[in-house]
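Input: a single structure, listed below in structure tokens.
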Amino acid sequence: MRELGAGADVLTRRFTGADERNAVFKTLETEIVREGRRRLEELRTGRRQPQLLQLEQDLATALVGTGFVRVATPAIVTADALAKMGIAAGHALLDQVFWLDDGRCLRPMLAPNLYTLLRRLGRIWSRPFGIFEIGSCFRRDSKGSQHLSEFTMCNLVELGLPLGERRRRLEELAALVMAAGALPAYALVTETSEVYGDELDVIVDGIEVCSTAIGPHALDDAWGITEPWVGLGFGLERMLVAREGLPSIERVARSLAYVDGVRLNI
Ligand code: ATP
Ligand code: MG
């Protein structure tokens, strides 16, 4: 029943006996199947793309509309690039990396590629300028209801803004993306890190949907970046979990078992 999409209360309900339980489950199953088929019909005749891709499109439209340039970079990155991100021996993320051959891996984040493009475009474009990418990232932390081994990150970064503007700009960009994702209610939670100073997370109902960073940053040297910047990394599936109040993130993930949140075994 849970896999079909029944609420968590289905596990704790009490019945007088097997007959009553079976009857209740049968009714519930019928309702869930009907609702699932209704949603798939709506997908087919209405929106015609799942919420994940709709969200991707909405965020891209909002960011392009505000002057950011969309980029597309490889999902395969090198161990060197990860090392330049500080992801080397002793770093928690290292154990979560999917390695390929030749010291290459599936990217666990978009930041290394964006650092590279920031520097290369920075030789050519006037300040400030912003770029963003929306794409899959891979981490071996698929346990639990908030983690997928393949998820979709929207990472935006803006380079060359005045130092004193960074915090205000971060808040402005967080608001822009959250509004574009129809998630107007969120909290910005500051976590003070000894090494990097203040780091800001975007939280919805206790769920982290975004982490931010600002530069100058300890990693900038390795990438040849010397100017102030702000960056935000949103998890699109997390945004959908938070917005739709979903019990688990699998439903909105890239999947063969679900389409647009509907389990296909109905
Ligand atoms: P968490 O602490 O929740 O595991 P994180 O701090 O390691 O996440 P970040 O590196 O800050 O994650 O990544 C930016 C965003 O990407 C997160 O705020 C989250 O929305 C999303 N994200 C990160 N890891 C996953 C995952 N395994 N599955 C789904 N979304 C993820
Ligand atoms: Mg984080």
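Quick one: is residue 54 part of a helix (DSSP H, G or I) and under 21 Å from the mean Cα position of the chain (by Cα)?
yes
Only one of (1) outside any loop (DSSP other than H, G, I, E, B); (2) modelled with pLDDT under 95; (3) in contact with a helix residue (DSSP H, G or I) (Cβ under 7 Å, 6 or more places away or on another chain) is not met by residue 25, so which one is it?
(3)
If you scan the range 95-139, which residues turn out to be part of a helix (DSSP H, G or I), over 13 Å from residue 154 (Cα atoms) and among the hydrophobic types (A, V, I, L, M, F, W, C)?
117, 118, 121
May I ask you to say which residue of 36, 67 is in contact (Cβ under 8 Å) with a residue 40 or more places away in the chain, part of a helix (DSSP H, G or I) and not aliphatic (A, V, I, L, M)?
36
Right, residue 131: more than 13 Å from the chain's Cα centre (by Cα), β-branched (Val, Ile, Thr) and open to solvent by less than 80 Å² (accessible area, probe 1.4 Å) or not?
yes
Does the range 81-108 hold any residues that are over 19 Å from residue 221 (Cβ atoms) and touching a residue at least 40 places away in the same chain (Cβ under 8 Å), and which are they?
The answer is 93, 95, 96, 97, 98.
Restricting to the range 3-25, name every residue that is free of Cβ contacts under 8 Å to residues at least 60 places away in the same chain and under 18 Å from residue 264 (Cα atoms).
6
The values are calculated or read from the model by the stated rules, or taken from the named source; none is laboratory data. As the structure is a computational prediction, the values presented were derived from the model and not from experiment. Glycine also receives a Cβ, built like all others from the backbone with ideal geometry; neighbour counts cover every protein chain displayed. Just the protein is used for accessible areas: all its heavy atoms, side chains included, with ligands, DNA and RNA removed. Shrake-Rupley method; radii C 1.70, N 1.55, O 1.52, S 1.80 Å.
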